[in-house]
Amino acid sequence: MRLTLADVRRFVDADSGLAVVSFARPDGTVHSSLVNAGVMPHPVTGVGSVALVIRDNTVKLRHWRARPGAGATLVFKSGWSWIGVEGPTSVIGPEDPYEGFDPGQVPRLLREVFVSAGGTHDDWDEYDRVMAEEGRTAVFVEPRRITGSGTGVS
């Protein structure tokens, strides 16, 4: 059975977009952390991707900035079922211009990523202010491989 982004979306919806994101450090060890992520098209390429918003000056963001296109793996779970997405990353944010993307649209993009991960907010102006203060940045993982225990969501 071939797993797709539609299967990933079911897992996103099942547990508030919670996922573990991992990547290999230059020394070969693995860094992992818990994030919220969702499924949406890449804003420039249109390719269906897994997207997340991360704070500035995190290990993850420093890694992906220093290694454009470096890979990541995200794993979502629901009960005892899981699904993983592996692929190259792209970074779009206030300090990370992306060819073909209007930097003035970063606040809108961060909202879209947040909503794709199941987020809601009562005051979008406040959300935009906090995201800007924290230097939040969008990261997209283009799925090159999707694996898992099946399409069942508990």
*asked:* Condition check: touching a residue at least 12 places away in the same chain (Cβ under 8 Å) and either surrounded by 13 or more Cβ atoms within 10 Å (Cβ to Cβ) or farther than 21 Å from T4 by Cβ (or both). Does T73 satisfy that?
replied: yes
*Failed condition for D56, given (1) at pLDDT 95 or above; (2) within 26 Å of D128 (Cβ to Cβ); (3) not hydrophobic (A, V, I, L, M, F, W, C)*: (1)
*Criterion (in contact (Cβ under 8 Å) with a residue 60 or more places away in the chain and either crowded, with 19+ Cβ neighbours inside 10 Å or out of contact with any His (no Cβ under 8 Å at 6 or more places or on another chain) (or both)) met by exactly one of G93, G84*: G84
*Would you be able to tell me the number of residues in segment 112-140 that are in contact with a strand residue (DSSP E or B) (Cβ under 9 Å, 6 or more places away or on another chain) and open to solvent by 70 Å² or more (accessible area, probe 1.4 Å)?*
2
*Checking R108 against (1) in a helix (DSSP H, G or I); (2) farther than 27 Å from R10 by Cα; (3) not aliphatic (A, V, I, L, M), the condition it does not meet*: (2)
_Answer residue from segment 109-135, given it is β-branched (V, I, T) and at pLDDT 95 or above and is nearest to D56 (Cα to Cα) among those_ = V130
*For segment 69-84, state whether one or more residues are under 27 Å from Q105 (Cβ atoms) and among the polar types (S, T, N, Q).*
no
*Taking the options G93, G17, G104, G100, name whichever one is over 20 Å from T147 (Cα atoms) and in contact with a strand residue (DSSP E or B) (Cβ under 8 Å, 6 or more places away or on another chain).*
G93
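Can you name the residue in segment 141-154 that is of a type in the set (S, T, N, Q) and either modelled with pLDDT of 95 or more or open to solvent by 70 Å² or more (accessible area, probe 1.4 Å) (or both) and, of all such residues, is nearest to V53 (Cα to Cα)?
Taking the candidates together, the pick is T147.
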_Scan of segment 22-45 for residues that are outside any loop (DSSP other than H, G, I, E, B), among the aliphatic types (A, V, I, L, M), surrounded by 13 or more Cβ atoms within 10 Å (Cβ to Cβ) and out of contact with any Lys or Arg (no Cβ under 7 Å at 6 or more places or on another chain), ordered by number_ = A24, V35, A37, M40
*Matching residues in segment 98-111 - criterion: being open to solvent by 70 Å² or more (accessible area, probe 1.4 Å), of a type outside the set (D, E) and within 18 Å of E142 (Cα to Cα)*: G100
*So which residues in segment 109-137 are closer than 20 Å to H42 by Cα and of a type in the set (V, I, T), if there are any at all?*
V113, V115, T137
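The values are calculated or read from the model by the stated rules, or taken from the named source; none is laboratory data. Because the structure is predicted, anything quoted here is derived from the model rather than measured. All Cβ positions, glycine included, derive from the backbone under ideal geometry; neighbour counts span all protein chains shown. Side chains included, ligands, DNA and RNA excluded: accessible areas come from the protein's heavy atoms. Shrake-Rupley method; radii C 1.70, N 1.55, O 1.52, S 1.80 Å.
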